[in-house]
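To start, the structure itself, in structure tokens.
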Amino acid sequence: MVESKRSKLVQKLLTYVVLVAFSLFCLFPFLWMVITALKPTDEVRSTRPSFFIENPTFDNFLHVFWNTGFLTYFKNSLFVGVAATALSLLISVLSAYALSRFMRFRGVKLVSVTMILSQMVPPVLLLIPLYIIMMQLGFLNTHISLLVAYTTFTIPLCTFMLTSFFSSIPIELEEAAEMDGCSKIGLICRVILPISIPGLVSTSLFAFVNAWNEFMFGYVFINDDSLRTLTPGLSLFKGLYTTDWGSIMSASVMSVLPVVILFLYLQKYLVEGVTAGAVKG
Amino acid sequence: MRVSVEKDAESLSRKRRPTREVKAKQIAYMFVLPAFLFFLVIVAYPLVSVIWDSFHDKNLLNTGDGRFVGLANYVEVIRSEYFVQAFVNTGIWTIVSVAGEYILGIVAALALAQRIRGRAIFRGIIIIPWIVPVVVAGLTWTWMLTPDYGVLNSWLVKLGLLDEPYYFLGEPDTALLSIIIVNIWRSFPFYTITLLAALQSIPRDIYEAAALDGIGPVGRFFKITLPQLKSVSIVLIMIHIIWTAINFDFIWVMTEGGPVHSSETLPIMIYRFAMQELNIGLASALASLMLAFMIIGFMMYYLYIQRKSGNRGGM
Amino acid sequence: MKKCLTLLMCSMIIASLLAACSRNGEPVSGSGDQIILDFWTAWGPGSKEEEIGLKVIETFEKENPDIKVNVQVMTFDMLYDNIITSINAGNAPDISWGLGEWFSDLNHADALLDLTPYFHEWEEKDLIYDNVIEALTVNGKLKALPNYLGNRALLYNKDILHEAGLDGPPETWDELLAMGPIIKKKTGKYAFGISGTGVRAPQELIMYLAQNDLELAVQAEEGKFKNTWNENPDELERATEVFRFYNDLLEEGVIDPNGRSWGHQEEDTNFSLGQYAMVVNGTWMEDTIDEAGVIDNLGIAPPPKNASEATYLEISPYYIFKDTDHPEEAWELMKAMLGDEYQQGANLYKSPRIDVKGEGLWAEGYDGLTEIGAVFPQVSLGKITNDMTDAVGRVLLLEENPEKTASWLGEEINKSLEANGQLSEDAVRSK
């Protein structure tokens, strides 16, 4: 390289400054979340909020963990999230394969256009008719209603992500396998999926986060506390007459932490997976 | 031996081409069928009912009524007091959010693409906001922004930037802007990850060649990096324009569109019509209008792309 | 690693499919002889209402072994959304808590059970305040039962008033306005708190309107209403005065500027923490103030008056929905909730029963306020309450001319009435 050492050093320094600034920006709300969660009530409501906790306590956590529906909400969210991810992945793999290989058929093209269109439909506007459909199908107040809704709204993006991934797989690979008498399903399982692992991981992470974060459908479709998911559950913590920020923040910490850990573990795949998807566009 | 087999296969396939094609078609349709069914039941059918309702006088609580009223609902929506404001707000909310997200996203991606120590850790940290549920992000920032107990106000006052605590979410001038910042905070990591991935796939030798030609880092960014990121960026921005424009929960969790409708966007207005004023006809008309705006926008974009690239590129 | 992930993926898919299947196959709960009553509440976690309520329900279930009460707790916002969607879909719960503001909408939708026959046979019916039953009666039919009464009185922090050298709470608007700068100067704290957003804002506005002898809508003929402010210069002037009062509270530094956007949580929390001196609020503040443990010296007085003495009488109802399959059982449960144990335990100072009054500061402070309580008119309020909140915001946040706001609100109320077919004939004609 021809650049001088000094300009390289400056560049490096700049990079660090930028990254540290970003990290603070990203982390600060968490830090504050954790600090609030560890404060006793009178310190939470102090008019001079400080970083130092005079009497750190786990009371908020214990309270949320044992005396509220948090654990139930968490389990429900986990179940719905995993199930919706699996289901949308299953469906998206099939449709993405079709989209990447058979775009020449008019029907396939139609499906791809409808998928783009469905992305433009605000879920708010479908709320009431969907509620009625769910009721007619007997899905109301069951996790199936959420499963179906989340799957539908994640299929398009999952499909597009996977489509671009699959398109980058040379068709010759398939032809060879086809020669061996593989069925299409067998071919997908044996040839396509194994080399698409990063794409699958990033797609499923995406689907999972979507389901994990969703608020509105969970809020309206589920009335039974034993079936309620995390996000509407958290909004319940805002309470009736006063807002108990200590509990809200400790519940937030506990709901975010597991996913953060999962992500940090799988983030390598996320970047790899998006690479193939993104670069092709 | 091998040659003859290949020849056989070729002639075979040529002979069977029509049936092969039919079979492929069957398979293709079978594969897209599940996705299509989901779409039909969960999106298309409700959508049709929304469009149907938009032409009818339908109230959520007296379902017996429901006569055809033509375009009356549309007229009422457009004439309604806060429509123009909500429309403008939606524009501001979408454009400022997406622009901010893109700028932060690309800066973070460029920094992360450098070969430095601790890159993985920084990358991990920067992804975090994106995993936070909107409700949690909204609640946390609301908590940080409260005037009396909020840490941000307390700091700004201590630093002398504010004379007294300011209610960011409670003032018509700053409510929407505050939510936009929170939205940017939560959404920019997605850009970063995607752009980072794209950055890493740009061959290094292009840069080296440019450096040899004496082009500085800034020049390289504009001459090489940006053009290389163009297609990814367009897809990213397009997707996020849609997602942001139709986003409901962020604003709902933080201000419910207030104070005095100053942070109300079209989706919030739809919800207000439907769930608070219980007027499904109006809500549906507004929803249909919004859908129409978006489709028109994208059609125009699509046509523009088509014309620009001749007939070369599809989506 | 790759294998491991593939495995994980496959097992995830299989597990979820299995789970989905098994869920499909599950028998519908509630089949069999057990009667299930769905009961939605909005009691706070850990509140007296929850504690005593669950106890009463447990006893009820023991006494009626064939009935199971399925309690679901939600916030009021969530309750509203869920009630609306479920009525629309025809699967409302049997009984639900709710706000009085929803009464007319729910009644208009014909979603409520006619309770008249049950009520007439109830031996304790005379123990409920007459005007409360009247407020829940439409065309001679009782359509809901009272859960609690949310009268509003002026709560004041004696210590702050003392520090400011004042010997008593204000009795009129003018006195309140005059006290503001004094308290601010002497103690550095604001004198008064209001809630400019959320469900509390319209409740406060209707009180100030009533204190100036104004009604949101007057009944012109059976079931038909109109707002008369814009027809009557005198009324418009009085309505303007109400909004000017809001404006003065802000201009004179009587209220915290942030209070313009407070919801009820902020209003309650800040008062209980001693951040400001006075607020017009309900008896639930007892819990909040206790919990905060900051205020030692609380005083309670009637709300400051202007043209006349008035307060807001919140009647929070139990709604029993028409679609219920078990009206008898629902009624039995209601009797239990209106019984001594729950009323004495959870509703001591806010009971709809004449014989449950409690003693001491809170009982005395709120005594006699029910008689001067203003209630919302029996019209669809969904949009009207929103407009009322907007009106407060227009004056305080957008600094609109109070007269313009008053006239605007009057017009909007009539528009809402018209949209719901509740506008009186002469008002329709004069349009």
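The table below gives the values:
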{"item": "Anisotropy class of segment C:363-431 from Cα gyration tensor, a/c 1.5 cut", "result": "oblate"}
{"item": "Span-rule helices in chain B, defined as complete DSSP H runs reaching 24 Å or more along the axis (Cα) with Kyte mean at least -1.0", "result": "B:2-39, B:83-113, B:175-200, B:226-245, B:280-308"}
{"item": "Chain C: calculated mean residue ellipticity at 222 nm from DSSP helix runs of at least 4, using -39500 (n - 2.57)", "result": "-14500 deg cm²/dmol"}
{"item": "Longest site-free stretch - chain B; sites: trypsin sites (Lys or Arg not before Pro), DSSP loop, at most 13 other Cβ within 10 Å", "result": "B:118-311"}
{"item": "Largest to smallest principal axis extent of the C-alpha atoms in chain C, angstrom", "result": "69, 61, 55"}
{"item": "Residue C:213 versus residue C:61: modelled label distance in nm, points set 7 Å from Cα along the beta carbon direction", "result": "5.5"}
{"item": "Residue order, fewest to most surrounding Cβ atoms within 10 angstrom, among B:102, A:265", "result": "A:265, B:102"}
{"item": "DSSP-loop GluC sites (Glu not before Pro) across segment C:360-431, with at most 15 other Cβ within 10 angstrom", "result": "C:399"}
{"item": "Per residue, the convex hull volume that the Cα atoms of segment A:69-280 enclose (Å³)", "result": "145"}
{"item": "Computed E for residue A:11/residue A:168 - FRET, C-beta separation, R0 51 angstrom, nearest 0.05", "result": "0.95"}
{"item": "Sorted by Cβ density within 10 Å, fewest first, the residues A:230, A:24", "result": "A:24, A:230"}
{"item": "Residue A:67 versus residue C:75: modelled label distance in nm, points set 7 Å from Cα along the beta carbon direction", "result": "1.9"}
{"item": "For the protein assembly as shown: rounded, prolate or oblate by the Cα gyration tensor [a/c cutoff 1.5]", "result": "prolate"}
{"item": "Residue order, fewest to most beta carbons within 10 Å, for B:290, B:300, B:275", "result": "B:300, B:275, B:290"}
{"item": "Cα convex hull of chain B, projected area averaged across orientations, nm²", "result": "27.6"}
{"item": "Approximate spin-label separation residue A:50-residue C:139, in nm, with each point projected 7 Å along Cα-to-Cβ", "result": "6.6"}
{"item": "Sites residue C:47 and residue B:213 - FRET efficiency at Förster radius 56 Å, r taken between beta-carbons, to 0.05", "result": "0.15"}
{"item": "Estimated FRET transfer efficiency (residue C:328, residue B:307; beta-carbon r; R0 60 Å; 0.05)", "result": "0.25"}
{"item": "13 Å beta-carbon shell around residue C:221, net charge (K/R +1, D/E -1)", "result": "0"}
{"item": "Entries of A:109/B:308; C:141/C:322; C:226/C:305; A:184/B:25 with Cα pairs more than 20 Å apart", "result": "A:109/B:308; C:226/C:305"}
{"item": "Cα gyration tensor category, rounded, prolate or oblate, for segment C:224-331 with a/c compared to 1.5", "result": "oblate"}
{"item": "Helix runs (DSSP H) in chain C reaching 24 Å along axis by Cα, Kyte-Doolittle at least 0.0", "result": "C:2-25"}
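Read-outs throughout are calculated quantities, based only on the coordinates presented, and are distinct from any laboratory measurement. Fair warning: this is a prediction, and the values are worked out from it, not measured in the lab. Counting neighbours? That spans all protein chains shown, and the Cβs are built from the backbone with ideal geometry, glycine included.
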